[in-house]
């Protein structure tokens, strides 16, 4: 029995892609091992969104080859797509980008049989939606379902369109089939993900994100959670239709990136702070108490102290339930990397710390607002005798008396270091 282990960096799309490749290897007779264990083959599915992603990806490759010099290493994902044949210098047996992953078993075995290294990196700008599928996921109750690939926004700081290619959408009938498979496998929550969900369906005739959401409304699925959206999709019509989809969770990740209009313009984001504010208002009117989460970049080229303060105050005004903060990371080949006024690293990091502190305050305030309310919690596992799972707003909750895989009404009574605590009300 041949053995294989996976290590995934980056986003939920990468998680899905890794699971799809894992299942292909299983079907070919490979035994799955934990990444910390000895294995014949290691797959590192890489990220290149930031310099940190590059660094962690290469560290994982070097560590595996140092500890297991006889193993065959596959470097996959965005860094592989970006650097291609250069990565063969690491000693990897196979480098495979963001296409041809459905051939990964054949390519590896061909490389091993011929005792050669293969760089299977193709032109990502001229490819179709790759028919990857999964039948399960790492969690016990929640699975990621990929419905879309690629992006054509070309924000000035972002490398993703260059390594993921243009918009490719999965057809609703294929989404429904996978949703049914995952429901049969016991997953009651599906997280719809893609590189640019807002663009779903633009390459299909008459399809929109709403069609993809409805395709997931199958028996056994209790919750449908949306991945990252842009505020431009949040129109009155969209929100009104979304409100009718009762399984959609009231947690919406709207990518802000900056709360300064002048910075947004330099970033080539296609909305203003007024439009973002209106999107939040529409969502909160339709889904009272919903969690709005976001991403913010600190220290974008040319960001003045005044622009940073605008961004910080805008985040406080919106009152996000959670903020993911990233100091700007220059990506070679993007327009922002060539812009004048590059902000010093120390300033980028100082501003990131201020945003993180504000985000923590806002998260605490949102958590306090949950106290006294009864929330629906989907129990995922039992840890140290306590059930834990997530509310529909994606707040982690600890309580007594739960069973994994079941949903409970939980009265929220307090805060913990990582979320909420509560009790199941007496019947």
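The values are calculated or read from the model by the stated rules, or taken from the named source; none is laboratory data. These numbers come from a predicted model, not from an experiment. We place every Cβ from the backbone using ideal geometry, glycine too, and count neighbours over all the protein chains shown.
Things to note:
- Every test in (1) under 25 Å from residue 48 (Cβ atoms); (2) in contact with a strand residue (DSSP E or B) (Cβ under 7 Å, 6 or more places away or on another chain); (3) without any contact (Cβ under 8 Å) to a residue 60 or more places away in the chain is passed by residue 292 save one, and that test is (1).
- Filter pass, residue 188 being more than 30 Å from residue 381 (Cβ to Cβ) and assigned by TED's automatic domain parsing to the domain that holds residue 331: no
- Entry remark, the range 375-399: residues being over 26 Å from residue 184 (Cβ atoms) and at pLDDT below 95 number 4 in total.
- Taken residue by residue, the range 403-418 has no member that is within 25 Å of residue 223 (Cβ to Cβ), in the same structural domain as residue 264 (by TED's automatic domain parsing) and not in a loop (DSSP other than H, G, I, E, B).
- Test for residue 51: is it touching a residue at least 24 places away in the same chain (Cβ under 8 Å) and over 22 Å from the mean Cα position of the chain (by Cα): no
- Test: residue in the range 381-398 that is in a strand (DSSP E or B), in contact (Cβ under 8 Å) with a residue 24 or more places away in the chain and surrounded by fewer than 18 Cβ atoms within 10 Å (Cβ to Cβ): yes
- The set of residues in the range 72-102 that are part of a helix (DSSP H, G or I) and closer than 18 Å to residue 26 by Cα comprises 101, 102.
- The strands (runs of 3 or more DSSP E) falling completely within the range 1-62 that include 3 or more residues that are under 30 Å from residue 155 (Cα atoms) map to 41-46.
- Restricted to the range 129-145, and to residues there that are under 21 Å from residue 96 (Cβ atoms) and in contact with a strand residue (DSSP E or B) (Cβ under 6 Å, 6 or more places away or on another chain), the residue that is surrounded by the fewest Cβ atoms within 10 Å (Cβ to Cβ) is 129.
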